[in-house]
1. Hey, among 124, 109, 197, 149, which residue is touching a residue at least 24 places away in the same chain (Cβ under 8 Å), surrounded by fewer than 21 Cβ atoms within 10 Å (Cβ to Cβ), out of contact with any strand residue (DSSP E or B) (no Cβ under 8 Å at 6 or more places or on another chain) and within 22 Å of residue 220 (Cβ to Cβ)?
2. Check off (1) assigned to a strand (DSSP E or B); (2) free of Cβ contacts under 8 Å to residues at least 40 places away in the same chain for residue 38 and give me the number that stays unchecked.
3. Filter the range 100-137 down to residues that are in a strand (DSSP E or B), within 21 Å of residue 265 (Cβ to Cβ) and in contact with a helix residue (DSSP H, G or I) (Cβ under 7 Å, 6 or more places away or on another chain), then give me how many there are.
4. Which one of these is over 16 Å from the mean Cα position of the chain (by Cα) and either over 22 Å from residue 182 (Cα atoms) or in contact (Cβ under 8 Å) with a residue 24 or more places away in the chain (or both): 57, 72, 115?
5. Pairs, please: C-beta under 6 Å, at least 6 apart or cross-chain, first residue assigned by TED's automatic domain parsing to the domain that holds residue 262 and within 21 Å of residue 175 (Cβ to Cβ) and in the range 205-233, second modelled with pLDDT of 90 or more and not in a loop (DSSP other than H, G, I, E, B)?
6. I need the full set of residues from the range 191-208 which are in contact with a helix residue (DSSP H, G or I) (Cβ under 9 Å, 6 or more places away or on another chain), in a loop (DSSP other than H, G, I, E, B) and more than 15 Å from residue 158 (Cα to Cα), in order please.
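The values are calculated or read from the model by the stated rules, or taken from the named source; none is laboratory data. Being a predicted model, the structure only gives us computed values, none of them experimental. Virtual Cβ from ideal backbone geometry, glycine too; neighbours counted across all protein chains shown.
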């Protein structure tokens, strides 16, 4: 069914704009200030703040046996407006790659979330053959685990850069250390990879929090996900607030707002406290051009 979402206070790329969306069958046909000549049914969103649904990072598959998969998906993702996850499969060497990816795929293929699979590996096992295999499999991001800056200087970065090209999966740091030691490691990481002109993320990623736009662009998840645009999927969150100036407040502290509605590819996932758990709504997606929009 074709209809119009009008007067939407749409928050994207750190700006709030009032606009309208012409949608049909889970897709956005057009985004314009208004559609005065169209006679389709209209839904007003003026009392909400609209955003794209969130993209979270997930470190492998859960090991907690005390909760069901449905409870896990609802509490960690759906109740928080997340409909897409970047999942890292942990491996110790290149021979484990296929098995680790399949383990993640077997878990998330029976979920209501869209997902794409990255890999995480200790830096001592980060080699050119490993990068080449990741490139062939279109792995959109490689997490590298390290705790000593001397490990970074042992990597043949020139060969790594050549092996990454032209797919160019960004490298993401994973550091167990904290405080000043972690800051020093990240500074060294940034210095080396900038000098070597290798696509990378400057900071470690955290679970249970939306990934920033620049991270989504670097990995290539944006504009496939996390963006409401003409031709894109209809996946959005609607937020409520009792503040007198909701537009100003949202741009400064969106955490104060109440998530009222989540829609994923045109289907309602959350309405108030009610969660609709639809296993047919999730699917794996492939990223063809990481770093293209960064």
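1. Working: 124 fails: within 22 Å of residue 220 (Cβ to Cβ); 109 fails: out of contact with any strand residue (DSSP E or B) (no Cβ under 8 Å at 6 or more places or on another chain); 149 fails: within 22 Å of residue 220 (Cβ to Cβ).
Sole residue among the options that is touching a residue at least 24 places away in the same chain (Cβ under 8 Å), surrounded by fewer than 21 Cβ atoms within 10 Å (Cβ to Cβ), out of contact with any strand residue (DSSP E or B) (no Cβ under 8 Å at 6 or more places or on another chain) and within 22 Å of residue 220 (Cβ to Cβ): 197.
2. Going through the list (1) assigned to a strand (DSSP E or B); (2) free of Cβ contacts under 8 Å to residues at least 40 places away in the same chain, residue 38 breaks only (1).
3. 2
4. Among 57, 72, 115, only 72 is over 16 Å from the mean Cα position of the chain (by Cα) and either over 22 Å from residue 182 (Cα atoms) or in contact (Cβ under 8 Å) with a residue 24 or more places away in the chain (or both).
5. none
6. Result: 201, 202, 203, 204, 205, 208.
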